[in-house]
């Protein structure tokens, strides 16, 4: 016996688990060393946390779980091992099961981690840097924050070293990966122990094609630590098992070797609506960047991928026959069959805006991705509990509140992005954005370390038209460990800065809001960034910034207290608080009142005589008891 854990489930039942392994996985995965199922696992992620013994030290790490992990009542940061001692108490979420270290004997430690699942063999790795996946690197890839990504290959390997064993599931990744889709659970549960069907493993997914010069076709690929993000060259190969990212405004097409063509339709917020000026950037887009991973497809499947966020267009480019596609998302698995060459489908997955109250109610952090489908031709969509046979132009939409699927609905026309021609937009603001993303594409494609280059150019760039797009790009990196923290720190600095233009600060605010949607854990990370990285704000002020960043609850919109608090925020000594309150008030004030608020300068000291006059005028327009609907 190396370690004994005393476990108290939600219902109050207690049990004991002993392990002599150096790695103890905790979660709803039935193959976890400490597994939870049914009501006992309520609030527990598929892969929630990991206890590990290495270098003569016992540690506990939260695996980017949905509800977090507490050690002795203190919330752990995700993906950071923390020292664990005898009698320490671990709790899975604030209301989840509790685990106590009741006994620990390091003399029994063995070096090997938990064995691979029955019948699995270690993966054979390529000698090239982008394919050399040691256990440490595989674990790092599995720790992509909020993505729920897992290395999971199928089939049977050849003895050739250039092939990856498709049956191998990384020991570290399987134990440490964040919460994944329900599909992963059902896939593992239904596996049999019979020998798999032999299948040659393809060397890569396919190649990147830049067909439209009007749009940057830059695609970034990340094989995992210690490697950096790298752009894929035109006609360059796209690899299995590596994280792909199409940045905001970029359109990337992959021609798969199986014949399926995939286009990432990333967008910019300017493209979503008829904007006249930056002042009108009030509503958040459904989609910005697009992020996904290709898996080695099983027999009979043309394309298999893990889709985290964004918009992907699938086209059946096979010489004949149907194309079969499998997509795993955070909370669902879908199978798509494009029956002929005229069949196409666009899948978009995104997050509803977070809603908060400035009047003391807790933040609503329960946010799961939504999915929509747009189809043409003959298409079959299948989920474990749903099936749609479609013909013609149709849409299927997920309702944010109930999560129910609505449709199919015949579409009189495609959404603007289906065949959008933005090479010559009439709107000057959109035209500037298109020019900007082309310039950023040139910069990024010449870079070996994209994040460093973008941040450095932001700090040195004198052209203010380039900066807003850069801050949207930075937020795209906000999911991955230290990379994400650097990006979010920079964006937070921009929101706070009085030196940046309003357009840049708006873009930074915009990207920060979208980033907050994606994971409840981002709320804590933003608080930590504002308090400890910027070192200018108290916890109370950081909470104030967070609540001004997120939209107020619907019931508060008719509460006059909310607007009086925003008025008070205009007099804050902190520029970020003034700027955020100013943006909120501009959205609700109309006509005569709007003139005063527009003249107010949040970058200036509120005690400046001119500013004080404007504040007085604004207060006259928003007396006690005022709401946007008040007459």
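The values are calculated or read from the model by the stated rules, or taken from the named source; none is laboratory data. All figures in this text were calculated on a predicted structure; none of them were measured in a lab. Neighbour counts are summed over all protein chains in view; Cβ atoms, including those assigned to glycine, are modelled from backbone coordinates with ideal geometry.
Evaluating residue 342 against the criteria (1) over 18 Å from residue 257 (Cα atoms); (2) modelled with pLDDT of 85 or more; (3) outside any loop (DSSP other than H, G, I, E, B) leaves one unmet condition, (3). Tell me whether region 46-68 contains one or more residues that are at positive phi, buried (at least 23 other Cβ atoms within 10 Å of the Cβ) and not in a strand (DSSP E or B). Yes - at least one qualifying residue is present in region 46-68. Residues in region 553-588 that are surrounded by fewer than 20 Cβ atoms within 10 Å (Cβ to Cβ) and either on the phi > 0 side of the Ramachandran plot or outside any helix (DSSP H, G or I) (or both): 553, 559, 571, 572, 573, 574. Residues that are modelled with pLDDT under 85 and surrounded by fewer than 24 Cβ atoms within 10 Å (Cβ to Cβ) were ranked within region 478-498; the one that is nearest to residue 65 (Cα to Cα) is 481. How many residues, within region 492-532, are closer than 27 Å to residue 76 by Cα, out of contact with any strand residue (DSSP E or B) (no Cβ under 6 Å at 6 or more places or on another chain) and not in a helix (DSSP H, G or I)? So the count comes out to 2.
When residue 228 is tested against (1) touching a helix residue (DSSP H, G or I) at 6+ places or on another chain (Cβ under 8 Å); (2) under 23 Å from residue 437 (Cα atoms); (3) crowded, with 19+ Cβ neighbours inside 10 Å, just one condition goes unmet, and that condition is (3).
Okay, residues lined up against (1) surrounded by 22 or more Cβ atoms within 10 Å (Cβ to Cβ); (2) under 17 Å from the mean Cα position of the chain (by Cα); (3) within 30 Å of residue 557 (Cα to Cα); (4) without any contact (Cβ under 8 Å) to a residue 12 or more places away in the chain:
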{"residue": "301", "(1), (2), (3), (4)": "no, no, no, no"}
{"residue": "316", "(1), (2), (3), (4)": "yes, no, no, no"}
{"residue": "323", "(1), (2), (3), (4)": "yes, no, no, no"}
{"residue": "326", "(1), (2), (3), (4)": "no, no, no, no"}
{"residue": "368", "(1), (2), (3), (4)": "no, yes, yes, no"}
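Only a single criterion out of (1) part of a helix (DSSP H, G or I); (2) more than 22 Å from the chain's Cα centre (by Cα); (3) under 24 Å from residue 608 (Cβ atoms) is not satisfied by residue 537, namely (1).
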